[in-house]
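The structure appears right after this line, and notes come after that.
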Amino acid sequence: MGIKRYELSKAQWSRIALLVPGKSADPGRTGADNRLFVNGCLWVLRSGAHWCDLPERYGKWKTVHRRFSRWCHAGVWERVFEALTAD
């Protein structure tokens, strides 16, 4: 099966996987599936849909939105973008 629209390929995910929190080596809670979460965020941001229209395969929309907001305030997205643009 091919990659779904708006989702990261394996190569794209491998470039940012170590930059996001929730890995088993990180303190605190481990992210159940960071790639699925990031793909859910990308779905909303690229489609222009409201968070409440997030497909169920990405999880509960309120949970995804809350985590997205926490990552924004923690500067996670900025670190990811800086690392990608540094290439």
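The values are calculated or read from the model by the stated rules, or taken from the named source; none is laboratory data. Remember, predicted model here, so these are calculated numbers, not experimental data. Virtual Cβ from ideal backbone geometry, glycine too; neighbours counted across all protein chains shown. Protein only, heavy atoms only, side chains kept; ligands, DNA and RNA dropped before computing areas. Shrake-Rupley method; radii C 1.70, N 1.55, O 1.52, S 1.80 Å.
Provide Rg and Dmax in Å for the chain, with only Cα atoms included in the calculation.
12.9, 35
For a quick size check, give me the Cα extents of the range 31-74 along its three principal axes, largest first, whole Å.
Computed over the range 31-74, the largest-to-smallest principal extents equal 24, 20, 16 Å.
Hey, any idea what % of the chain's accessible area is carbon plus sulfur with a 1.4 Å probe?
In the chain, the share of accessible area belonging to carbon and sulfur is 55 percent.
For Phe81, Phe37, Phe68, give the ranking by accessible area with the largest first, probe 1.4 Å.
Phe81, Phe68, Phe37
What does the charge dipole of the range 31-74 about its Cα centre add up to, to the nearest 20 debye, if the Cβ of each Lys and Arg holds +1 and the Cβ of each Asp and Glu holds -1?
Result for the range 31-74 is approximately 120 debye, rounded to the nearest 20.
Where does the chain land at 222 nm, in deg cm²/dmol rounded to the nearest 500, when only DSSP H runs of n ≥ 4 count, each adding -39500 (n - 2.57), divided by all residues?
-16000 deg cm²/dmol
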